[in-house]
Each structure stands twice: as structure tokens, then as C-alpha cells.
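Please read the structure below before turning to the comments.
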Amino acid sequence: VGTVPLSERVRLSSGTHALRIVKEKYKAYTSQVTITDNQTSTLTPSLAANFAVVSLTVADGAEIWINNERKGSGSWRGELALGTYRVETRKSGYRTSVESLDVATASPINRTLTAPSPIYGSLRIVSQPLMASVKVDGRAVGETPSTLSKVLVGKHTIEITKSGYAPYKKDITITEGQTANLNATLTKTVATSTTRATSTNSTAQKSY
């Protein structure tokens, strides 16, 4: 007959009627209402919550997904209807963590989720000449030759520099459990200089 509060009176025949009020995330309200001729009955039912306020947090700014729907990064707070949910924490270069969340009552839920675990590969870097400085994604990691045993899978930018040589830069993809090899040949820079020539005119003097 409409949505509460009803803006107009609902006229019903005398007798007993079944009343049902429904609202998302609340338990349906059902009742028997008796109507008497030429009288107005007033009812103010209270609906019981059918949801819980859920607060979830996860380390390292990982993404939070509930039933394959992204909710946020690092933390999320919201309402969930009673039921069981599939919760995932995701992050690029990391193995997704999956757990079940049971919302059995309307009581608030606070949970720290398991963070996704890193997936590593290895990277060996050699350069000519040796003893060149190496950066991975802008972070200094040492000098060549070098083997990095724990590099997150995915694409990384490698920068190699050495005084007197042009910078070397390359993107490389790391695969789980595999060692990627990078052999870099640096190009020697040519020093340029400007020389000003000064000429002096001299007059020879003769002796008599």
C-alpha cells in the first residue's frame, strides 16, 4: 500500500488483516491488525536490524575485496547484511589472501585481515665496466655485479650509472621462482672542451 510513513490514511474493511513491512537490511515485520468500523488504528512498529557494522583493516595498504567487489585499500567500514562473505586482500606482486567472514548477528565486527604474501623472483645484474651503481624502481641496491634474491614479481625499472658513462635504463619483468639476467654495456661519454687561442704580435728589434 506504500512506503512508511504513509502520507494518507489507508481505508480497510473491518476485520483482521495481515500486515507486513519490509526494508533492506532489516528483518521483515509481520503482524495481525484488527480494524473496527469508523475507527482509526495507529501502529508504530520497530524493525530489527538484519545487518552488522563491519570494520576491516589490512597491513601494507592492500586492497580489500568482498564477494569480488572492491571496498577500499588498507581499511573499510560499512554495513553488511547477515550472511557469509568471501573476503580477499589483494596487492600487485603479492599472492591474494582469502578468508571467510560470517555476519551472524547485528553486533559490530572488527577484524584485522591477513595481508597478501609477497611473490619473489631473482635478478642478476652485470655491467661493462663493473662497479656501476644500480637502482631498482628508484631505490639504490648496490653495485654491479649483483644478484638480488628477493625481487617482487612484475615489471621493474633498472637504472645503472657510473661516472664517465651515459646512464643505462631498462624495464625488466620478474617471474616467480626464476632468475632474470641483465647484461648492460655502458657507453663512455666524450668530454668536450672549448679552447680559446690567443695570438701575440711581437715586433723584432734589430741592433745596430
Farthest towards the positive end of the dipole of segment 1-141, among TRP65, SER122, PRO45 and with Cβ unit charges of +1 on Lys and Arg and -1 on Asp and Glu, lies the Cα of SER122
Apply the Debye scattering formula to segment 80-197, with a single equal point scatterer on each alpha-carbon and no solvent, then give log10 I(q)/I(0) at q = 0.11, 0.19 Å⁻¹.
-> -0.56, -0.97
With springs connecting C-alpha atoms under 10 Å apart, model the chain as a Gaussian network and identify which of THR44, THR147, THR84 has the largest mean-square fluctuation.
-> THR44
What is the dipole size for segment 95-198, taken about its Cα centre, with +1 at each Lys and Arg Cβ and -1 at each Asp and Glu Cβ, in debye to the nearest 20?
-> 540 debye
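Using the scaling law 2.2 N^0.38 Å as the reference, what is the normalised Cα Rg of segment 89-137? Please report the intermediate quantities before stating the final value.
Details: Rg = 20.7 Å, N = 49, 2.2 N^0.38 = 9.7 Å.
With N residues counted in segment 89-137, Rg over 2.2 N^0.38 Å equals 2.15.
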With the chain treated as a Gaussian network of Cα nodes joined by springs under 10 Å, which of ARG124, ARG86, ARG139 yields the largest mean-square fluctuation?
-> ARG139
In nm, give the distance between the simple-model label positions of LEU6 and ILE21, each being 7 Å from the Cα along the Cα-to-Cβ direction.
-> 1.2 nm
Lysines near LYS135 by alpha-carbon distance under 20 Å, same-chain residues fewer than 8 away left out - which ones?
-> LYS150, LYS155, LYS162, LYS169, LYS170, LYS188
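Using a probe of 1.4 angstrom, how much of the accessible area of the chain is carbon and sulfur, in percent?
Looking at the chain in its full context, I get 46 percent from C and S.
Determine the per residue accessible area of the chain with all protein chains present and a 1.4 angstrom probe, expressed in square angstrom.
Details: 14830 Å² over 208 residues.
Averaged over the residues of the chain, the accessible area is 71 Å².
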Could you work out how far the C-alpha centroid of segment 11-71 sits from that of segment 72-101, in angstrom?
-> 26 Å
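Which residues make up the longest stretch of the chain that has no GluC sites (Glu not before Pro) in a DSSP loop with at most 15 other Cβ atoms within 10 Å? Please report the intermediate quantities before stating the final value.
On the way: sites that count: GLU8, GLU24, GLU176.
Result, exposed sites excluded: 25-175.
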Return the distance in nm (one decimal) between the two label points of a simple spin-label model at THR175 and GLU143, each offset 7 Å from Cα along Cα→Cβ.
-> 3.3 nm
Given springs between every Cα pair under 10 Å in a Gaussian network model of the chain, which of ILE21, ILE125, ILE66 has the largest fluctuation?
-> ILE21
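The values are calculated or read from the model by the stated rules, or taken from the named source; none is laboratory data. In this text the structure is predicted, and so the values were computed from the model without any measurement. Glycine also receives a Cβ, built like all others from the backbone with ideal geometry; neighbour counts cover every protein chain displayed. Side chains are part of the model used for accessible areas, which takes the heavy atoms of the whole protein and leaves out ligands, DNA and RNA. Shrake-Rupley method; radii C 1.70, N 1.55, O 1.52, S 1.80 Å.
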